[in-house]
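Participant: Before we start, here is the structure in question, set down as structure tokens.
The values are calculated or read from the model by the stated rules, or taken from the named source; none is laboratory data. It should be emphasised that the depicted structure is a prediction, and the values quoted were computed from it without experimental measurement. Methodologically, a virtual Cβ is constructed for each residue, glycine included, from the backbone with ideal geometry; neighbour enumeration extends over all protein chains shown.
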Amino acid sequence: MLPVVVFIVLVALVFDFINGFHDAANSIATVVSTRVLTPLQAVVWAAFFNFVAAFGFGVQVATTVGKGVVVAAIVDQWVILAGLVGAIAWDVITWYWGLPTSSSHALIGGFAGAGVAKAGFGGLIASGLVKIGVFMVLAPLIGLVVGFTMMLITMWAFRNQTPGRVDRVFRRGQLLSAAAYSLGHGTNDAQKTMGIIAVLLFSTGHMKEFHVPTWVILAAHAAIALGTMAGGWRIVKTMGMRITKLRPIGGFSAETAGALTLLGTAVGGIPVSTTHTISGAIMGVGAMQRFSAVRWGVAGRIVWAWIFTIPAAAVVSAVTWLLLRLAGV
């Protein structure tokens, strides 16, 4: 049993690494597209704050993922392994296509799909999935509204300043907003992997009560930080340049809006998508400049990828669980 559990913990940390590689492009896309930092500098900056997020933001999201998606009685190591395989597969496919989909929703979809394969839809916790589903829609809308509002406030506050001075101020400001967004990303996304590892340890009898051990917190944040260091340049291009063109004031507004949304939902234990949040914020900033500044065709392609994420990961995970069962494990 123990070697299997150790293997699945390692698979979970591989998912977290891929999450950093895939999703953390969201943390650096705006600061790279505005040329405030080079890609390498931005990656190091984001990775540092992804790890720092381990200290001080709680584990409410981890608890929601671990206890609020699949009924605890049916969770075993094979359900968790199948869920991770589905999430990893979808992340790799969308990374190859350069689509900024949500690793978080891939994980939740994969976990749910494996649970359904084992016990049917009765194995799911409806209230938890409804909360996640509601914020799947609300997160980009909140990001859009807050991004639009931030852009409106900053443009009004600096309305009498020259463009050169505005750029100089917000080039410095983006260092802070990018750091804040990376804190939000690390806080929200690393906790999802923590929740999966914690429910694995609990369901296999390695913990008497569900909680998130300190070593799991540190390992998850280290894995996502290392994934961020590895980079995800295809998605950086889509996020930072194809949705709308950004100046430092726009990058600052989008990152600040994303950080406020992510940290607020993390404190509330709501596992939102960092990808959806920053995409909505970037669209809100672009729309504030002028509606046509947003490349809605690219945005539409991203939305379709979002819609397919949960069911696609669920199907892969369900098939994986069935294959594991056929193999007699």
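Participant: Would you mind listing the helices (runs of 4 or more DSSP H) fully within the stretch 149-265 where at least 3 residues are within 20 Å of the chain's Cα centre (by Cα) and modelled with pLDDT of 90 or more?
Facilitator: 163-203, 214-230
Participant: Being touching a residue at least 60 places away in the same chain (Cβ under 8 Å) and at negative phi: is that true of residue 230 here? Working first, answer last.
Facilitator: Numbers: touching a residue at least 60 places away in the same chain (Cβ under 8 Å): yes; at negative phi: yes.
Answer is yes for this residue.
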